[in-house]
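Undergrad: Below is a structure I'd like to ask you about.
The values are calculated or read from the model by the stated rules, or taken from the named source; none is laboratory data. Keep in mind that this is a model prediction, so the values were computed, not measured. Cβ: placed from backbone, ideal geometry, glycine included. Neighbour counts: every protein chain shown.
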Amino acid sequence: MSGPPPGQPMGPPPPTPEALAVANFLKNSELKPRTSILGGKRVDMFKVKRAIRALESPAYAKAQAKKNSHLPPVTNRQEAEMAFLLLPRHMMALRVQKVEAQAEDHGDHSHAKPKRVKGQWNVQIVPQQAAGDDMYYVWFYEGPQWKRTIIGVGVLVLLLGIVMFPLWPAVLRLGVWYLSMGMLGLLGLFFLMAIFRLILFIITMFVVPPGLWLYPNLFEDVGFFDSFRPVWAWEKTKEEKKKKKKRKHSHSHAAKVNTPGMLPTPSGNDVHMNFSGQHVQTAQGMQPRVEEVFDE
């Protein structure tokens, strides 16, 4: 049987239909991925417990029951972990852990930590590929490429349509002009409303302190409809702001006290791999090493 040339490591086995089916299902599931940095590149990272939850969901059972489905059956936690571990065995997703970025040496031997982008962690691959709830994995499998092809063709058609705008029929060009005028009118109305609410607040701040805000959530980080709810509200006094700050601080302190200091023991299998791509060993019930837990 032919194999790799002598002295070269064996590559990962090609994905099986079952592994591809599990990867495609999880890719289309709500895993709430977050962006992280691995080797200087951005990757999508997700938590194992969300993947296990998706594999144990009714949607997975419905998809698995379909004819010609390659999804492995999942009836308990152990089978869900076995299905999930198809991903690291075929190098489609690998377990990672957070690492602290090292400070650059500028000659003063400073050990200060550099600033990091909020929500983005520097991560590195962990040799022990397990399926504990609080463990994190990053995707190396990009999924089917037909979606990218459709998006690329759509962008190309849109650009050609914009370039050929002078050749459009007169009715379509007139419709685009009316649409653009309508968008400019909405934008101008938004600026007028923002100026009016500021003037109203300044007036009411002196007449009926502490002042009245029209659409107080207009510039808050909320949804579109929530930006216009409530219609009006009084400006919060310093005492109210202090009480809110103390309440938030007490909640965060209670959360820190209740945070466990050790990862739970995974109930399934641990997959040990060397990252030249060769599968080495599958062991039953091995303990993961203790590491710092970083939440979403």
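Undergrad: Give me the residue from region 60-76 that is in a helix (DSSP H, G or I) and in contact (Cβ under 8 Å) with a residue 12 or more places away in the chain and, out of that set, farthest from ASN24 (Cα to Cα). Show your work before the answer.
TA: Here is the first cut: in region 60-76, the residues in a helix (DSSP H, G or I) are 60-64.
Now narrow it down to the ones that are in contact (Cβ under 8 Å) with a residue 12 or more places away in the chain: 60-61, 63.
On the way: TYR60: 11, ALA61: 15, ALA63: 11 Å.
It comes out as ALA61.
Undergrad: Right, here's the next one. Would you please list the contacts, defined by Cβ atoms under 6 Å and residues six or more apart or on different chains, that run from a residue in region 136-159 that is under 22 Å from PRO33 (Cβ atoms) to a residue that is charged (D, E, K, R) and part of a helix (DSSP H, G or I)?
TA: What qualifies is GLY143/LYS27.
Undergrad: Could you go through region 232-242 and let me know if any residue there is surrounded by 12 or more Cβ atoms within 10 Å (Cβ to Cβ) and in a helix (DSSP H, G or I).
TA: Yes.
Undergrad: Is at least one residue of region 46-55 part of a strand (DSSP E or B), modelled with pLDDT of 90 or more and either in contact with a His (Cβ under 8 Å, 6 or more places away or on another chain) or under 21 Å from GLY132 (Cα atoms) (or both)?
TA: Taking region 46-55 first, the residues part of a strand (DSSP E or B) are 46-47.
If we keep only those that are modelled with pLDDT of 90 or more too, we end up with 46-47.
Next, from what is left, pick out any that are either in contact with a His (Cβ under 8 Å, 6 or more places away or on another chain) or under 21 Å from GLY132 (Cα atoms) (or both): 46-47.
There is at least one residue in region 46-55 that is part of a strand (DSSP E or B), modelled with pLDDT of 90 or more and either in contact with a His (Cβ under 8 Å, 6 or more places away or on another chain) or under 21 Å from GLY132 (Cα atoms) (or both).
Undergrad: Right, another one. Hey, among GLU79, GLU30, which residue is acidic (Asp, Glu) and at pLDDT below 90?
TA: Values: GLU79 fails: at pLDDT below 90.
Testing whether each residue is acidic (Asp, Glu) and at pLDDT below 90 leaves just GLU30.
Undergrad: Would you confirm, using the coordinates I've provided, whether ALA131 is touching a residue at least 12 places away in the same chain (Cβ under 8 Å) and in contact with a Pro (Cβ under 9 Å, 6 or more places away or on another chain)? Talk me through it step by step, then tell me what you get.
TA: Working: touching a residue at least 12 places away in the same chain (Cβ under 8 Å): yes; in contact with a Pro (Cβ under 9 Å, 6 or more places away or on another chain): yes.
Taking the combined requirement at face value, the residue satisfies it.
Undergrad: While we're on this one: Report yes if some residue within region 175-195 is touching a residue at least 12 places away in the same chain (Cβ under 8 Å), assigned by TED's automatic domain parsing to the domain that holds PRO216 and closer than 24 Å to ALA233 by Cα; otherwise report no. Steps first, answer last, please.
TA: Filtering region 175-195 down to residues touching a residue at least 12 places away in the same chain (Cβ under 8 Å) leaves 193-194.
Filter once more, so that each one left must be assigned by TED's automatic domain parsing to the domain that holds PRO216: 193-194.
Now drop any that are not closer than 24 Å to ALA233 by Cα, which leaves 193-194.
Within region 175-195, one or more residues are touching a residue at least 12 places away in the same chain (Cβ under 8 Å), assigned by TED's automatic domain parsing to the domain that holds PRO216 and closer than 24 Å to ALA233 by Cα.
Undergrad: Select from region 208-222 the residues that are modelled with pLDDT of 80 or more and within 23 Å of PHE190 (Cβ to Cβ) and list them in ascending order.
TA: Here is the first cut: in region 208-222, the residues modelled with pLDDT of 80 or more are 208-220.
Residues satisfying the conditions are GLY211, LEU212, TRP213, LEU214, TYR215, PRO216, ASN217, LEU218, PHE219, GLU220.
Undergrad: How many residues does region 12-56 contain that are crowded, with 16+ Cβ neighbours inside 10 Å, out of contact with any Leu (no Cβ under 6 Å at 6 or more places or on another chain) and free of Cβ contacts under 8 Å to residues at least 24 places away in the same chain?
TA: The qualifying residues number 2.
Undergrad: List the strands (runs of 3 or more DSSP E) that sit entirely inside region 120-227 and contain at least 2 residues that are of a type outside the set (Ser, Thr, Tyr) and within 28 Å of MET45 (Cα to Cα). Even if it seems obvious, please write down each step before you answer.
TA: On the way: elements: 122-125, 136-139, 212-214.
In region 120-227, the matching strands (runs of 3 or more DSSP E) lie at 122-125, 136-139.
Undergrad: Does region 151-173 contain any residue that is under 30 Å from PRO88 (Cβ atoms) and either among the β-branched types (Val, Ile, Thr) or surrounded by 11 or more Cβ atoms within 10 Å (Cβ to Cβ) (or both)? Talk me through it step by step, then tell me what you get.
TA: Step one: list which residues in region 151-173 are under 30 Å from PRO88 (Cβ atoms), which gives 151.
If we keep only those that are either among the β-branched types (Val, Ile, Thr) or surrounded by 11 or more Cβ atoms within 10 Å (Cβ to Cβ) (or both) too, we end up with 151.
Checking region 151-173: at least one residue is under 30 Å from PRO88 (Cβ atoms) and either among the β-branched types (Val, Ile, Thr) or surrounded by 11 or more Cβ atoms within 10 Å (Cβ to Cβ) (or both).
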